[in-house]
Amino acid sequence: MIADILRSLLAPAPSRLPEPDARLALAALLVRVAKTDGFYAVEEVERIEKILMARHHLGPFDAARLRSDAEELESQAPDTVRFTRALKAAVPLEDRASLLESLWAVALSDGSRDADEDQMLRQIASLLGLSDVDSAYARKRAEQL
């Protein structure tokens, strides 16, 4: 399954990912954001699993397995640009703000705001077709979680 997703992400023009692949790609992007500051804290792992449980109606075991699969995909995945383009094709515009909110929630879960994370999330927001204002609102909502 990971090989199929990687093939899709490495294609010159990534196609729309089917739901199970889109779910894994989203989880891998959450992992990538968590690792952006050079640390992958326990709080970030826990936040990723909570997000996966809530977003996909998973139990703790399934969320942990999805996160583990996502860690493997993230380690092999192409650059964030291709990765995010594939997610943009898979996630309707009206749902992308909640996706960005989830990404902010992971970035903020370790208790610090890092310049590299800010830059990464600014890039991801743009690639998802969202503005800096959309990102600021998503960050504010994430801070209240």
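No lab work stands behind these numbers, since they all come straight from the coordinates. All values derive from a computational prediction rather than experimental measurement. Cβ atoms come from the backbone with ideal geometry, glycine included; neighbour counts cover every protein chain shown.
If R₀ is 22 angstrom, what is the calculated FRET efficiency for the pair ASP114 and SER75, using the beta carbon separation as r and rounding to 0.05? List each step's numbers first, then the result.
Working: r = 20 Å, r/R0 = 0.92.
It comes out at approximately 0.65.
Can you tell me how much longer the chain between ARG122 and SER68 gets when fully stretched, taken as 0.36 nm per residue apart minus their C-alpha distance, in nm with one decimal? Spell out each step's value before the answer.
Details: separation 54, 0.36 × 54 = 19.44 nm, distance 2.57 nm.
Here the answer is 16.9 nm.
How large is ³J(HN,Hα) for each residue in segment 124-138, as worked out from phi by the Karplus curve 6.51 cos²θ - 1.76 cosθ + 1.60 (θ = phi - 60°), to whole Hz, x for Gly and Pro?
3J(HN,Hα) across segment 124-138, in whole Hz: 5, 4, 4, 5, 7, x, 10, 8, 4, 5, 4, 5, 5, 5, 4.
Within segment 21-56, find all residues whose amide N lies under 16 Å from a label point positioned 7 Å from the Cα of ALA89 along Cα-to-beta-carbon.
Counting backbone N atoms under 16 Å from the label point, the list is 21-26.
Over the Cα atoms of the chain, what Rg and Dmax result, in angstrom?
Computed over the Cα atoms of the chain, radius of gyration and Dmax are 13.8, 39 Å.
Which percent of the Cα-Cα distances in segment 43-83 go past 12 Å? Write out the running numbers ahead of the final one.
Working: 490 of 820 pairs.
Beyond 12 Å sits 60 percent of the P(r) for segment 43-83.
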